[in-house]
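The values are calculated or read from the model by the stated rules, or taken from the named source; none is laboratory data. Everything quoted here is computed from the prediction, not taken from an experiment. When we count neighbours, we look across all protein chains shown, and the Cβ atoms used for this are built from the backbone with ideal geometry, even at glycine.
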Amino acid sequence: MAHIIVVGNEKGGSGKSTTSMHVATALARLGFRVGALDLDLRQKSFGRYVENRRAWLAKQGLDLPCPDYRDLPEIDPAHLQAGENPYDARLSAAVAALEPVSDFIIIDCPGSHTRLSQVAHSLADTLITPLNDSFVDFDLLARIDAETGKIKGPSIYSEMVWNARQLRAQAGLKPIDWIVLRNRLGAQQMHNKRKVGSALEELSRRIGFRVAPGFAERVIFRELFPRGLTVLDLKDTGVDVLNLSNIAARQEVRDLMKALRLPSVEVDF
């Protein structure tokens, strides 16, 4: 069966689509068959990213590894079982179609709570939660006492992940490996960054996730989207000399792939 990687965060602007595309492309470049789904049925940022890649590569006459992106299939209501949710059926059909031809399936969730996102989390073998490095985004995971800075309890999103874990346990499936990415880390270790880091480490022990460094705020990540490229593609697309920022971005992707500890994956790029 394909290993399912879900990228989820109920707040927008955390870098989910950038993370999804770089993980998907990295796996494809390592020789794996990679399926891709975007559950944000309105914006489809991840889906557009892959479509941009296909169009640009075709225009340039280049053949670079690309994830197999598919839209969720439409389901005839007449074919639904009594009481079956149509979104559940669409996601189930999409995963069933990709599994026989994929080693990994990347599922990008919307920046809000939806039925599709909730079901996708229960399918996750690996869950990646990109998080901007601030207490504004930390609130996604847990509530903080304003006076003491102590963690008061898990957030609604953390509770959803807990419920997904319970569902998997009841079905006899292996536990979700949950990784929280600290995106947009500042170059300097400012006091607030240290406080966020300490809070994340404490919370990780309480509710069971791993903390990994994500992507810094870099112009290159925004510039690559219209062409559907990643920082791993630069040398193959005419960029002979990489600047220091691009080299650092490539190292961030390498570090992320190592931190995920995916089965049978040896990072050699």
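I'd like to know if the stretch 169-187 contains one or more residues that are in a helix (DSSP H, G or I), surrounded by 11 or more Cβ atoms within 10 Å (Cβ to Cβ), of a type in the set (Lys, Arg) and at negative phi.
Let us first name the residues in the stretch 169-187 that are in a helix (DSSP H, G or I), namely 169-170.
Keeping just the survivors that are surrounded by 11 or more Cβ atoms within 10 Å (Cβ to Cβ) gives 169.
Remaining after also requiring of a type in the set (Lys, Arg): none.
No, the stretch 169-187 contains no residue that is in a helix (DSSP H, G or I), surrounded by 11 or more Cβ atoms within 10 Å (Cβ to Cβ), of a type in the set (Lys, Arg) and at negative phi.
Quick one: in the stretch 246-268, which of the residues that are in contact with a helix residue (DSSP H, G or I) (Cβ under 6 Å, 6 or more places away or on another chain) and either loosely packed, with under 13 Cβ neighbours inside 10 Å or at pLDDT 95 or above (or both) is farthest from LYS235 (Cα to Cα)?
To start, the set of residues in the stretch 246-268 that are in contact with a helix residue (DSSP H, G or I) (Cβ under 6 Å, 6 or more places away or on another chain) comprises 246, 249-250, 253, 257, 267.
Filter again for either loosely packed, with under 13 Cβ neighbours inside 10 Å or at pLDDT 95 or above (or both), leaving 253, 257.
Numbers: VAL253: 15, MET257: 19 Å.
Ranking the candidates gives MET257 first.
Given (1) in contact with a strand residue (DSSP E or B) (Cβ under 8 Å, 6 or more places away or on another chain); (2) surrounded by fewer than 13 Cβ atoms within 10 Å (Cβ to Cβ); (3) more than 17 Å from ALA24 (Cβ to Cβ); (4) modelled with pLDDT of 90 or more, identify the lone condition not met by VAL211.
(2)
So which of HIS121, HIS113, HIS79 is surrounded by fewer than 19 Cβ atoms within 10 Å (Cβ to Cβ), within 16 Å of the chain's Cα centre (by Cα) and over 20 Å from ASN183 (Cα atoms)? Let's see the steps before the verdict.
Values: HIS121 fails: surrounded by fewer than 19 Cβ atoms within 10 Å (Cβ to Cβ); HIS79 fails: within 16 Å of the chain's Cα centre (by Cα).
Answer to the check: HIS113.
Counting only residues that are of a type outside the set (A, V, I, L, M) and part of a helix (DSSP H, G or I), how many does the stretch 77-93 have?
Going through the stretch 77-93, the residues of a type outside the set (A, V, I, L, M) turn out to be 77, 79, 81, 83-88, 90, 92.
In the following step, the residues that additionally are part of a helix (DSSP H, G or I) were identified as 77, 79, 86-88, 90, 92.
Of the residues in the stretch 77-93, 7 are of a type outside the set (A, V, I, L, M) and part of a helix (DSSP H, G or I).
When the stretch 59-76 is examined, which residues are found to be part of a loop (DSSP other than H, G, I, E, B) and either over 30 Å from the mean Cα position of the chain (by Cα) or farther than 21 Å from ARG33 by Cα (or both)?
Just the residues of the stretch 59-76 that are part of a loop (DSSP other than H, G, I, E, B), to begin with: 61-67, 70-76.
GLY61, GLU74, ILE75, ASP76 - these are the residues of the stretch 59-76 that are part of a loop (DSSP other than H, G, I, E, B) and either over 30 Å from the mean Cα position of the chain (by Cα) or farther than 21 Å from ARG33 by Cα (or both).
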